[in-house]
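Colleague: If you scroll down you'll find the structure; I have some questions about it.
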Amino acid sequence: MKILITGSNGQLGKEIIKNQPFGVDLLKTTKAELDLKEPNKCYEYVMSKKPDWVINCAAYTNVEKAESDKDLSYLINSLSVKSLAEATKRIDSNLIQFSTDYVFNGKKKQPYLPDDLKSPLNIYGQTKSFGEDYVKDIFNNSSKGIVIRTSWLMSSIGNNFATKILKLLAKNDRVNIINDQIGAPTSTKILAKACWQAIKLISGGKTLPPILQITNSGEASWYDIAVEIYKTSKEIGLLDNTVEINPIKTSEYKSKVIRPYYSVLDCKESFEELLMKSYDWEKAIKDLISDYQKGI
Ligand SMILES: NC(=O)c1ccc[n+]([C@@H]2O[C@H](COP(=O)([O-])OP(=O)(O)OC[C@H]3O[C@@H](n4cnc5c(N)ncnc54)[C@H](OP(=O)(O)O)[C@@H]3O)[C@@H](O)[C@H]2O)c1
């Protein structure tokens, strides 16, 4: 089975590569080989390589910068996704597209279902939402084009909330962290596993819903996660200084971006369909910090 992966150097791309099953011929691409700011070239690239699957891990992920870089964000997160989907459909192959909790506005007080009404608050969320819609339309809601939504993605490598907090905690005796945005942290490990499981099941003839939602279980604020990171780092001797972590409100944090206050995804059906179980975000954070300490 030949699989084309984009965004090979990103935190999710790396985890998916690390977890590749035996017998897969993985064609790993970075921006250098396949630049998603050129939708036509994306189409041509897929047509020339003819993979059985495309796993699109590439995205414009800088939520702050996207506000002033609307066009590029739209090219990468929407139009190139359309091209990848069109080419994949043309050669009768399959696509996995990753998306985000930021397609929702956060006004709901309970976890979002896959088919809940979307209403993104920022450019990143809007452009990712268009990308989702292209995949659903082009594949006519079939299992050939699957959107996997996730939230608050973290890994021991790369640029994410956990690695940023670990660096901040090591250098400061006081940090302020937002405590009125609630979401579900997700380890790249569980997401990579879900991706490969979807490919295995669909390749074996199973039909899956066109939108899957995968996160670790439970809910947390950014403040809760920072406290958990701090506690675990102290316990395992990764950190020896004392840091005061102060909860603050979103309104006290300078940002150009409007973010949802509540963006937990309901993942029950998706885990059942994938024959997988989720596990608590606290365990995911502990594993992540242990990997960070080991440098893996
Ligand atoms: N991070 C989160 O909290 C989060 C939450 C929900 C959903 N997601 C989704 O999950 C997926 C994976 O995200 P991630 O966290 O792994 O992101 P990431 O670590 O920022 O990786 C994104 C990758 O996309 C590549 N990329 C950026 N612009 C590109 C372009 N023009 N052409 C080709 N590649 C390009 C980057 O390459 P360079 O490194 O060379 O720029 C990088 O390898 C994305 O679809 C994202 O929207 C992420």
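Colleague: Among (1) in a helix (DSSP H, G or I); (2) within 13 Å of the ligand (Cβ to nearest atom); (3) in contact (Cβ under 8 Å) with a residue 24 or more places away in the chain, which single condition is ASN159 missing?
Modeller: For ASN159, the exception is condition (1).
Colleague: Which condition breaks for LYS108 when tested against (1) part of a helix (DSSP H, G or I); (2) in contact with a strand residue (DSSP E or B) (Cβ under 7 Å, 6 or more places away or on another chain)?
Modeller: That leaves (1) as the condition not met.
Colleague: I've got another one for you. Of everything in the stretch 188-206, what is under 15 Å from the mean Cα position of the chain (by Cα) and more than 11 Å from the ligand (Cβ to nearest atom)? Give them in sequence order. I'd like the intermediate steps shown before the answer.
Modeller: From the stretch 188-206, those under 15 Å from the mean Cα position of the chain (by Cα) are 188-196; that's our starting set.
Across the stretch 188-206, the qualifying residues are LYS189, ILE190, LYS193, ALA194, TRP196.
Colleague: OK, next. Out of curiosity, is GLU15 part of a helix (DSSP H, G or I) and either under 20 Å from the mean Cα position of the chain (by Cα) or of a type in the set (D, E, K, R) (or both)? Lay out the reasoning, then the answer.
Modeller: On the way: part of a helix (DSSP H, G or I): yes; either under 20 Å from the mean Cα position of the chain (by Cα) or of a type in the set (D, E, K, R) (or both): yes.
Against the criterion (part of a helix (DSSP H, G or I) and either under 20 Å from the mean Cα position of the chain (by Cα) or of a type in the set (D, E, K, R) (or both)), GLU15 qualifies.
Colleague: Quickly run through the stretch 18-37 and pick out the residues that are assigned to a loop (DSSP other than H, G, I, E, B) and in contact with a helix residue (DSSP H, G or I) (Cβ under 9 Å, 6 or more places away or on another chain). Before you say what the answer is, go through the steps one by one.
Modeller: Here is the first cut: in the stretch 18-37, the residues assigned to a loop (DSSP other than H, G, I, E, B) are 19-24, 29-37.
ASN19, GLN20, PRO21, VAL24, THR29, THR30, GLU33, LEU34, ASP35, LEU36, LYS37 - these are the residues of the stretch 18-37 that are assigned to a loop (DSSP other than H, G, I, E, B) and in contact with a helix residue (DSSP H, G or I) (Cβ under 9 Å, 6 or more places away or on another chain).
Colleague: Kindly indicate whether GLU64 is closer than 23 Å to TYR253 by Cα, at pLDDT 95 or above, of a type in the set (Asp, Glu) and more than 9 Å from the ligand (Cβ to nearest atom).
Modeller: Details: closer than 23 Å to TYR253 by Cα: yes; at pLDDT 95 or above: yes; of a type in the set (Asp, Glu): yes; more than 9 Å from the ligand (Cβ to nearest atom): yes.
Judged against the criteria, GLU64 is a match.
Colleague: Picking from GLN181, GLN110, which residue would you name as being more than 12 Å from the ligand (Cβ to nearest atom) and either more than 30 Å from ILE236 (Cβ to Cβ) or surrounded by 23 or more Cβ atoms within 10 Å (Cβ to Cβ) (or both)?
Modeller: Details: GLN181 fails: either more than 30 Å from ILE236 (Cβ to Cβ) or surrounded by 23 or more Cβ atoms within 10 Å (Cβ to Cβ) (or both).
Checking each option against the conditions leaves just GLN110.
The values are calculated or read from the model by the stated rules, or taken from the named source; none is laboratory data. For clarity, every value in this text was computed on a predicted model and none was experimentally measured. Positions of Cβ are backbone-derived with ideal geometry, glycine not excepted, and every protein chain shown enters the neighbour counts.
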